[in-house]
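Here the structure is laid out as structure tokens; the discussion comes afterwards.
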Amino acid sequence: MDLSLSLKQFRRLLDLVYIGNWVLNSARGDDRITEFDEVESFLFAKCREMGMEKLTERLDNNAIPSRAFAEGGIHEAIMEYEDIIFFEILAEELARRDVIAEGGAEDDAEQINERIGAYIAEFERNGTDNIVLNL
């Protein structure tokens, strides 16, 4: 298969592949999905052909993203996504808990969504500062 990309498109593809592999493999420890590592390595090996040598390094005879690539802002994008997802999941879990605790139906989307909105607004104002756990 032939795929023609501009340099800008190729660079964006590197970001997408890195983010995807990070999401799928970063928390797996030794149980990585190697097929995704292989695709990432294949694409980062192409960096040399594309004049983007500083974006790749060699490790155990595999092309990997370089420190310059990893420290170039990609992790900030991942962290921003993780923060958003964290607060959205927390808001939904707390909203469901509250609705059920007050005798509501666990599938009452209107009440749950109203509570989610209130929690999201709180998190946007104060982050986790007002969360208290009674252990």
So residue 46 passes all but one of these: (1) under 19 Å from the mean Cα position of the chain (by Cα); (2) surrounded by 15 or more Cβ atoms within 10 Å (Cβ to Cβ). Which condition number does it fail? (1)
Test result for residue 125, in contact with a helix residue (DSSP H, G or I) (Cβ under 9 Å, 6 or more places away or on another chain) and either loosely packed, with under 12 Cβ neighbours inside 10 Å or over 30 Å from residue 15 (Cβ atoms) (or both): no
For the stretch 9-34, the count of residues that are over 14 Å from the mean Cα position of the chain (by Cα) and among the hydrophobic types (A, V, I, L, M, F, W, C) equals 4
Do we find a residue being β-branched (Val, Ile, Thr), over 30 Å from residue 128 (Cβ atoms) and touching a residue at least 12 places away in the same chain (Cβ under 8 Å) anywhere in the stretch 69-84? no
Within the stretch 16-34, can you find the residues that are in contact with a helix residue (DSSP H, G or I) (Cβ under 9 Å, 6 or more places away or on another chain), assigned to a helix (DSSP H, G or I) and hydrophobic (A, V, I, L, M, F, W, C)? 17, 19, 22, 23, 24
Report whether or not residue 37 is exposed (fewer than 11 other Cβ atoms within 10 Å of the Cβ), charged (D, E, K, R) and either within 19 Å of the chain's Cα centre (by Cα) or not in a helix (DSSP H, G or I) (or both). no
Answer from 90, 135 - the residue that is out of contact with any Asp or Glu (no Cβ under 9 Å at 6 or more places or on another chain), part of a loop (DSSP other than H, G, I, E, B) and of a type in the set (A, V, I, L, M): 135
Take the residues in the stretch 54-83 that are in a helix (DSSP H, G or I) and modelled with pLDDT of 95 or more; name whichever of them is nearest to residue 26 (Cα to Cα). 55
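The values are calculated or read from the model by the stated rules, or taken from the named source; none is laboratory data. Predicted model only: the values in this text are computed from it and were never measured. Using ideal geometry, Cβ is built from the backbone for each residue, glycine included, and neighbour counts are taken over all protein chains shown.
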